[in-house]
Amino acid sequence: MGYDVAVIGGGPGGYVAAIRAAQLGGKVLLVEKDKMGGVCLNRGCIPTKTLLKSAEKWQELKNCHEFGLQAENIGFDFDAIRLRKNQVVNKLRGGIEQLIKSNAIEMIYGVGVLEGPNRLIITQEKEKISYEAKHIIVATGSEPMHLPIPGQDFPNVIDSNQLLEIDHVPSSMMVIGAGAVGIEFAAIFQSFGSEVTVVEMLPTILPNIDNEIVKRMGILLRKQGIKMLTNTKVIGMEENNEGVKVSLDNGKSIQELTVGKVLVATGRKPIVAGLGLEAAGIDYSQAGIKVNSKMETNIPGIYAIGDVTGEEMWAHAASAEGMVAAENALGGNVSMDYSAVPGCIFTTPELAMVGLTEKEAQDTNIDIKVSKFNFASNGKAVSMGEADGLVKIIADANNDKVLGMHILGAHASDLIMEGAIAIHNGLTADQIAHTIHPHPSLSETVMESAHGINGDIIHQFILKGRPL
């Protein structure tokens, strides 16, 4: 039985591609080897945000006296927290499965492997069945990278998948890698009481994010009690009675720290092995499957989307790529636009960004204007007790078009959409500034920062001719 589109992988890229192809009238097959929803739903975005919300509630409860409230004999039940995490994941996964059924998509749980340009083999237990499809979309995602040092297989050295299944809060934990995954987990477990040390071999945490925002984030994380060691390499690990003894080299000296758990969060890599890419003649490397702006590989009719391409490794980017691939597979002619892909890091406070950083703009010799507005000058943020952070806008000095927006503060992941819409549609800072924003709201921080591109910020203190 032939299909118009077969999708390998049921993550946020794959299942969205399958639904979009079905909406366009295609006969669609979707194959998933594990659980529908992929890493994002089952071992990434959703479970971590569920844990984070519990951590935030716990911190609010401990600090409720700041709001004139009293609470005694408080505590948390980590088993109950884990149960809620699993319930949220199961509910959302069930919703996706229902969406797939309601769109008349044939869903098969098994391992899909390419057999040629228009054929794939699906293995279920010991049974292998060959299927034909006019178009195939590969959406197999990524997996955690491992350290090239001894000790990786120790029971107390774990990756993010394993940490999500842990049944207790470690008394101490080292996080190796200060990217989004490492910093988020560090913040979560520090909130629950772990003594957390983050180790990063680069000079700064959160590489590729605006330097000024990162510096502020680093200060806040340290205030929360997280220790951070940058310019530091892990050179060895040994098991002992207390957990794992980790040897660290900062270029000046060697030090040793013993922790209960070590989280390896050194990034993710595309899953390209065992897919039959060679048999289909697809051009790829360990960095991912190569695609054009249509999300099509070098073999006509075969597309690749999401983390497996090694491009923008965000769930929302994968979903957008999935829609592009599906539309092109069904006769469309659309291209993927990466100019306004927002990124979000769910710490407390949140960090979000879209477009160019200040350094990226300078490196490309673009004349820019930069404006910043602090959350501490926003009435809603102060009333919420969340006055840490700022909004930073980068605009083209020649026409005031928004080139980048970077937000550190409460609900940054929601506020960043103003920046994404502005960049995608070529809007100017003045157009944002003169759009009336509700009061009191956090969105006013974006409006004020936009006013600042031309020096017109209202709620900004001035000292000796300079804004604070």
Quiz item: By counting other Cβ atoms within 10 Å of each Cβ, how are Val138, Val334, Val16, Val157 ranked from fewest to most?
Solution: Val334, Val157, Val16, Val138
Quiz item: What are the extents of the Cα atoms of the chain along their three principal axes, listed from largest to smallest and rounded to whole Å?
Solution: 74, 62, 47
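Taking the Cα centre as origin and putting +1 on Lys and Arg beta-carbons and -1 on Asp and Glu beta-carbons, what dipole magnitude results for the chain, to the nearest 20 debye?
Details: 40 positive and 54 negative charges, 62 e Å.
Using Cβ point charges on Lys, Arg, Asp and Glu, the chain gives about 300 debye.
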Quiz prompt | FRET efficiency, 1/(1 + (r/R0)^6) with R0 22 Å, evaluated for Ile458 and Glu66 via beta carbons | solution = 0.20
Quiz item: Which semi-axes, in whole Å and largest first, does the equivalent ellipsoid of segment 343-467 have when worked out from the alpha carbon gyration tensor as the square roots of 5 times its eigenvalues?
Solution: 21, 17, 14
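Please tell me which of these pairs span more than 29 angstrom C-alpha to C-alpha: Lys53/Lys223; Lys35/Lys62; Lys359/Lys401?
Numbers: Lys53/Lys223 20 Å; Lys35/Lys62 37 Å; Lys359/Lys401 17 Å.
Exceeds cut-off: Lys35/Lys62.
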Self-check item: Cβ-defined net charge surrounding Ala410, 11 Å radius [Lys, Arg +1; Asp, Glu -1]
Solution: -4
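Give me the percent of DSSP beta bridges within the chain that run antiparallel, rounded to the nearest 5.
On the way: 55 of 86 bridges.
Taking every DSSP beta bridge with both residues in the chain, the antiparallel ones total about 65 percent.
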Quiz item: Roughly how many whole Å is it from the C-alpha centroid of segment 315-351 to that of segment 132-198?
Solution: 24
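Order by neighbour count: Arg82, Arg43, fewest other Cβ atoms within 10 Å first, most last. Intermediate values should be presented prior to the final figure.
Details: Arg82 19, Arg43 22.
So the residues, fewest neighbours to most, are Arg82, Arg43.
All of the numbers you see were taken from the coordinates with simple rules; none came from a lab. Everything numeric here is computed off the predicted structure, so don't read it as measured data. Here the Cβ is made from the backbone with ideal geometry for all residues, glycine too, and neighbour counts use every protein chain on show.
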